[in-house]
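Participant: Take a look at this one; I'll ask things after.
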Amino acid sequence: MASPLAKARLTDYLLVAETISAVIPALERGGHKVQEEPRRMTIHSLYATNRLGVAAGLLASLLVVSPLPGDEPYARSRTYDLEHSRIALRFDLAHKRVLGDVTHTLSILRDGTTRIAFDSVGLTIENVTVNKFPVKFETTAEKLIVPLPGGAKAGEKFDVSLRYEGKPTKGMYFIVPDKDYPDRPIQIWTQGESEDTRYYLPTYDYPNDRLTTETILTVPASWLTVSNGKLISVSDAGKGLRTWDWRETVPSSTYLITVVAGEFEEVKDAWRGVPVTYYAPKGRGDRLSVNYSRTPAMMDLFSKKLGVEYAWEKYAQVMVDDFVAGGMENSSATTNTSSSLNHPKIAAEMLTNEDGLISHELGHQWFGDLVTCKDWGDIWLNEGFATFMENVWTEAHYGRDQADYERWESGRGWFSQPNLFDKPIVRYDFEDSSEFDGNAYTKGGWVLHVLRSQLGDDAFYRGLKHYLEANRGKNVVTADLAKAIEESSHVNVDQFFSQWLYGAGAPKFDLGYSYDRDKHQVELTVKQTQKVEGRVGIFHLPVNVEITTASGPKLYSVTVSKAEQVFTFSADSAPLMVLFDKGDNILKSAEFHKEKKEWLYQLKNADEFADRADAVSTLEKIKNDDEAASALGNALNNDKFWGLRATAADALGKIGSPAASKQLRAGLDSANEPWVRYHIVSALGSFKDDSAIAAKLTEIAKADRSYRARAAALQALGRLKAPDALVTLEAAISEDSPDGYLRNAALRGLGPLGDDKAVSLLEQWSVPGKPIESRTAAIRSLASLEKNNQGITKQIAGYLSEPNFPVRMAAVFALGGRGDAIAVPALEALLKSNDLSIEMVPMIKRQIASLKKTAATRLTPPNGDGGESAAAASETSGDSEVVLERLDKLEHLVQEMNERLKAIETHLAPPKP
Ligand SMILES: [Zn+2]
């Protein structure tokens, strides 16, 4: 992987995996295919296997797919209200243990309550008192049960104190140096959402309760700590320790509790007197400002737009290594992956940098933290809003075109996942597919945009303000949002909510028009072609239609409400352009039957990005048409918005004709922005057998002014198996670049290139001590070379016992794809080791089965009709070649996804410039 994946919070991260998992079945041949249906995956539990706690790469996690018992869909009935927790923690770093001393203050909700239960998994409870009196408690695998002497009455208050210790398998993670990576800064961090706080803290672990906290952390004097709320004091605790006292006076849910401690550096900022702080692992503090300094401007924008000021005592963002997700919106103290700390030179090549991630998590401070979904079935009230808030920042800071571009891309991404279509956003049946899906994020964010465009900004934002104020500090369901909008704007949104939130799918339009010269009329036929079944119905929508004739444009509003309708509009002459849903304000797909000349006109003349982009995506389907290629080339060179130019470059790559190649090369000469050059170079990588392109890519790989373009060129050269690619890739590997950016790209390119001369170089970059990202790239590429060299197989097999999870997984898949059966005993030994998560087992078994199959067919002696077994053998070895090649393609795809994820937490984020 190019980077330790994802800017996505755990669940967002899973989404990425789900998105790409559509590709996975194609990787698996014959009888052993992975689940077609995306399943909830446990990244967390992978970490239990991960002594060093290194972040799992996307590819690895993708393949670590297994059905798990899902989160509880409905909110629990409660017997008590947890009001306040005083959480004092110490850490045994050598053994990765937590030592806790916790007092929960709670009040009873039901008369006659004789016992209360806390969620607690894997923790050893040493002592429990109720109002300071010791009690006999019980524990089960998932609960701590505390008796209340004599039964309690509603309203009665108790202080329940617990002393416990444990070695958390999830929820809390310890990142420590070891012999191969002796300089790693020590980091302890937590990740509560969705139901993992219970692994390090016995508590009420479901969103439908809110409490204030005091978090008291005693750590070595040289460490920093971060937790929710205000820092009250830091005091000497003796023996080289200090005690940090944090207090959060605004109540929030227990999945939003955070504890971070370790060797960090800090940069202090402020917004209207509220402390704003950024933290990086020691040694990377100089990267904070370049990536994070727009935070106060975002706090300002969101406070103004929403009419509700940022509510917490401070805003901290802590970047940690090996984070299990991209970001997590803990109340007042977000945790983000340290891969968001881009090298300043790479950051300079990213138009929107990490703003997607930063604005998403900040948006959650209102939607998620201040107002929290009551149950996981309503998770879109957190995630859809946070996704929408990214777009609010983008529009305000980068302009309307950029916001439109990101939304246009995300809408297409949503439609490319058919498994999402028949599921409503609000749903409670997610046992075998995570509720944190593309409906909660992408569609949720989109639906808010549709609502905004229907209500208008005034009514929409008045509704949000009322929703936030009426529900501040409370848990909500979707109906609370509908109610707030109706109360504030007097617009009934029941039908809107019924089709978009409780219903499934989105309209798929088939469109066509004719012009009647006698009547001077345009007749527009609108068909809704989505299959009406289950929760998918016919949509009822206001739609803007714009008709442009020689005398100018005219805008009409129609209401679509049937499977097929015809609308007529007067027009003084035949239209030059007819736009349905001008500007793309409805989540929809549309097949509009127009002539080529109309698409060409639309590409050149439509005002809004989405209408021009729709023309691009239609024209790219016309193959071998020089006029289309030349129009796209013109757009690539001359469009006023870079996103359209990038979209045109992508389209020319897909066309793949000589005319398209000519346009792309010309585009390179005129495109200065790294975010455009990246798209052009990547597109050039799809032209096979064109020596001029290989020469151009070589030149770019060596000397382009953009690192992103150079990395794209290095990988394209490998994919194209260009004649002199080896020399170019080797040179890039020996060269220093920011964070090894070019080296890792070149190491990745060596696998697809398939030149055995690269073996010793790849061996050098595979060994412990090298950067993890370089190692996983090198190991994967190494497995593609010298297929008969058992020394290589043994070297890779040696990495199976490493603590670094991404290295381990890279080795498992490299061995499976390599096809050398001598790896079988090592893989079988791995199966017997005691630190595997159950998810790894079937994966490893699949690799073993594949290797054994290959060996068996190879060993079958030729006989009378030996042709068949020889064919079988070659088919099988071809099989692993195919798998490997597809894995390489997948890796390329994953990198593209990474590029996109650079800024955005959601799956299928808008392409990162
Ligand atoms: Zn989120």
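The values are calculated or read from the model by the stated rules, or taken from the named source; none is laboratory data. Owing to the predicted nature of the structure, the values given are computational and were not obtained by experimental measurement. Backbone-built Cβ (ideal geometry, glycine too); neighbour counts: all protein chains shown.
Table: residues versus (1) within 16 Å of the ligand (Cβ to nearest atom); (2) surrounded by fewer than 24 Cβ atoms within 10 Å (Cβ to Cβ); (3) under 18 Å from the mean Cα position of the chain (by Cα).
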position	(1), (2), (3)
Ala297	no, yes, no
Phe302	yes, yes, no
Val320	no, no, yes
Gly327	yes, no, yes
Thr335	yes, no, yes
Ile358	yes, no, yes
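Participant: Being within 15 Å of Met328 (Cα to Cα) and within 13 Å of the ligand (Cβ to nearest atom) is the filter here; which residues of region 360-377 pass it?
Facilitator: Within region 360-377, His360, Glu361, Leu362, Gly363, His364, Gln365, Trp366, Phe367, Gly368, Asp369, Thr372 meet the criteria.
Residues are listed down the side, and each one gets a yes or a no for (1) of a type in the set (S, T, N, Q); (2) at pLDDT 95 or above; (3) touching a Leu at 6+ places or on another chain (Cβ under 9 Å); (4) away from the ligand (no atom under 16 Å from the Cβ):
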| residue | (1), (2), (3), (4) |
| --- | --- |
| Ala386 | no, yes, yes, no |
| Trp393 | no, yes, yes, no |
| His397 | no, yes, yes, yes |
| Arg400 | no, yes, no, yes |
| Gln417 | yes, no, yes, yes |
| Leu420 | no, yes, no, yes |
| Ser433 | yes, no, no, yes |
| Thr442 | yes, yes, yes, no |
| Gln454 | yes, yes, yes, yes |
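Participant: Looking at Trp380, is it closer than 21 Å to Ser194 by Cα, out of contact with any helix residue (DSSP H, G or I) (no Cβ under 8 Å at 6 or more places or on another chain) and within 16 Å of the ligand (Cβ to nearest atom)?
Facilitator: Taking the combined requirement at face value, the residue does not satisfy it.
Participant: Hey, which of the strands (runs of 3 or more DSSP E) in region 556-637, taking only ones fully inside, have at least 2 residues that are within 30 Å of Thr442 (Cα to Cα) and among the aliphatic types (A, V, I, L, M)?
Facilitator: Hits in region 556-637: 577-580.
Participant: Something else about it: Which of the residues belonging to region 519-562 are surrounded by 14 or more Cβ atoms within 10 Å (Cβ to Cβ) and of a type in the set (A, V, I, L, M, F, W, C)?
Facilitator: Val522, Leu524, Val526, Val536, Ile538, Phe539, Leu541, Val543, Val545, Ile547, Val558, Val560 - these are the residues of region 519-562 that are surrounded by 14 or more Cβ atoms within 10 Å (Cβ to Cβ) and of a type in the set (A, V, I, L, M, F, W, C).
Participant: I need the strands (runs of 3 or more DSSP E) fully contained in region 124-242, keeping only those with at least 1 residues that are more than 39 Å from the chain's Cα centre (by Cα).
Facilitator: The strands (runs of 3 or more DSSP E) meeting that bar are 143-152, 157-166, 230-238.
Participant: Quick check on this structure: which one of Gly473, Gly463 is more than 17 Å from Arg535 (Cβ to Cβ), more than 16 Å from the ligand (Cβ to nearest atom) and surrounded by fewer than 16 Cβ atoms within 10 Å (Cβ to Cβ)?
Facilitator: So the residue among Gly473, Gly463 that is more than 17 Å from Arg535 (Cβ to Cβ), more than 16 Å from the ligand (Cβ to nearest atom) and surrounded by fewer than 16 Cβ atoms within 10 Å (Cβ to Cβ) is Gly473.
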